[in-house]
Amino acid sequence: MKENKIKIACYGEVLWDIFPGGQRRAGGAPFNVAYHLSGMGVDAHMISSVGSDDLGSELLEKIQNWNIPINGIQINNQYPTSTVVATIDENNDAHYDIIQHVAWDYIETRPADLSLLTETDALVFGTLAARSEKSKNTLFELTEASDYNVFDINLRPPYYDIHLIKDLLHRTQLAKFNKAELRMMLDFMGKDYITEKDSIQYLQDVFGMKEIIISKGSKGALYANEDNFYLYPTVSVEVKDTVGSGDSFLAGFLSKRLEIGTSAHQIMHQAVALGAFITAQEGACPEYSLGEFTEFRDQHQVSALPL
């Protein structure tokens, strides 16, 4: 039996992003989502793996200090804690060199994690953690145990495979694409792009999904739930960097989507507001309180755009 508090498990990479100058920040797309879910008052859990090394110990301590449970994070004695070299271009966009054969490439299936998913409201995952056979097989088992699978496509060349993406989409209740990923998906499937709405309805039909999010950068985001479409603008802020902005958007979205009795407007307002709030700060996981975000959100009202 689920408790009243929303409970969400995030699966995949936890790592250290190494930025120019040697600055180190905890990261990984699914972990970023878990961090912001926790910030929104959600009971967020991480299923992943770190190495039995100093970087792993430091990462676990940091995650625990953020009040995110670490019992789902395995310790691997053979493979190291993941580090990713990040560079920032002239548009403040981040690019990553993602080293292979690290601890989260070898996440084991554990009974405790399968049991956790019988109590959660959602499982969040991306494509990157499925680049290795071991973690991919674990992910497939976890999706079987979950009733509501949230697939943040998050393509990182060359670490994806169209057959894998299709298999995961067939197991998905809510998928999130950006504009480029939507076009790529259509190309993979031999479908001509006509309109955004047509593309979404095509994917809904093929994969039996009711819900799709399309993040559109400065043009906002589109949420489709069956035949209902909701387009919302971004909240205008001065951008510090875009690292993790999509992850915070998704966390904001889910924190309202899984709350009983919320409207599409409340869901999308929370999502675009949290994405903007984080974009206006440095790093994917800046320190902030729920009260600080709520004040920002309430000061930045948005209205749905015409489709």
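The values are calculated or read from the model by the stated rules, or taken from the named source; none is laboratory data. If you're wondering where the values come from, they're calculated on a predicted model, not measured in any experiment. Reconstructed Cβ throughout: ideal geometry from the backbone, glycine too, with neighbour counts over all protein chains shown. Just the protein is used for accessible areas: all its heavy atoms, side chains included, with ligands, DNA and RNA removed. Shrake-Rupley method; radii C 1.70, N 1.55, O 1.52, S 1.80 Å.
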Checklist entry - What relative contact order, as a whole-number percentage, does the chain give when Cα pairs under 8 Å and 6 or more residues apart are counted? => result 16 percent
Checklist entry - Given Cα pairs under 8 Å that are at least 6 residues apart, what percent is the relative contact order of the stretch 146-274? => result 17 percent
Checklist outcome for this item: For Lys134, the net charge from surrounding residues (Cβ-Cβ under 9 Å; K, R +1; D, E -1) works out to -2
Checklist entry - How large, in percent, is the carbon and sulfur part of the accessible surface of the chain at a probe radius of 1.4 Å? => result 46 percent
Item to check | Residues of type lysines that Lys240 reaches as a straight line, Cα spacing below 26 Å, ignoring anything fewer than 8 places off in the same chain | outcome: Lys62, Lys176, Lys179, Lys216, Lys219, Lys256
Checklist outcome for this item: Rounded to the nearest 10 Å², the 1.4 Å probe accessible area of Asp97 is 90 Å²
Item to check | For the stretch 234-294 versus the stretch 113-138, the gap between their alpha-carbon centres in whole angstrom | outcome: 23 Å
Checklist entry - Taking the Cβ of Leu169 as the center, what net charge do the other residues with Cβ under 13 Å away carry, scoring Lys and Arg +1 and Asp and Glu -1? => result -2
Checklist entry - Could you give the accessible area per residue of the chain, probe 1.4 Å, as a whole number in Å²? => result 44 Å²
Item to check | Within the chain, longest stretch clear of exposed trypsin sites (Lys or Arg not before Pro) (DSSP loop, no more than 15 other Cβ within 10 Å) | outcome: 6-190
Checklist outcome for this item: In the chain the DSSP beta bridges are antiparallel at a rate, in percent to nearest 5, of 45 percent
Checklist entry - How much net charge surrounds Glu196 when only the other residues with a Cβ under 9 Å from the Cβ of Glu196 are counted, with Lys and Arg +1 and Asp and Glu -1? => result +2
Next on the checklist: Show me, for the stretch 210-220, the HN-Hα J-couplings you get by feeding each phi into the Karplus relation (A = 6.51, B = -1.76, C = 1.60, θ = phi - 60°), rounded to Hz, glycine and proline as x.
Outcome noted: 7, 10, 9, 10, 10, 8, 10, x, 5, 8, x
Checklist entry - Given R₀ = 35 Å, FRET efficiency for Lys219-Ile99 by Cβ-Cβ distance, to 0.05? => result 0.55
Next on the checklist: Once the cut-off is 28 Å, how many percent of the Cα-Cα pairs in the chain end up in the long-distance tail?
Outcome noted: 34 percent
Checklist outcome for this item: Low-density loop GluC sites (Glu not before Pro), the stretch 187-248, at most 10 other Cβ within 10 Å, DSSP non-H/G/I/E/B, are Glu226, Glu238
Next on the checklist: With an 8 Å Cα cut-off and a minimum separation of 6 or more residues, compute the relative contact order for the stretch 40-126 in percent.
Outcome noted: 29 percent
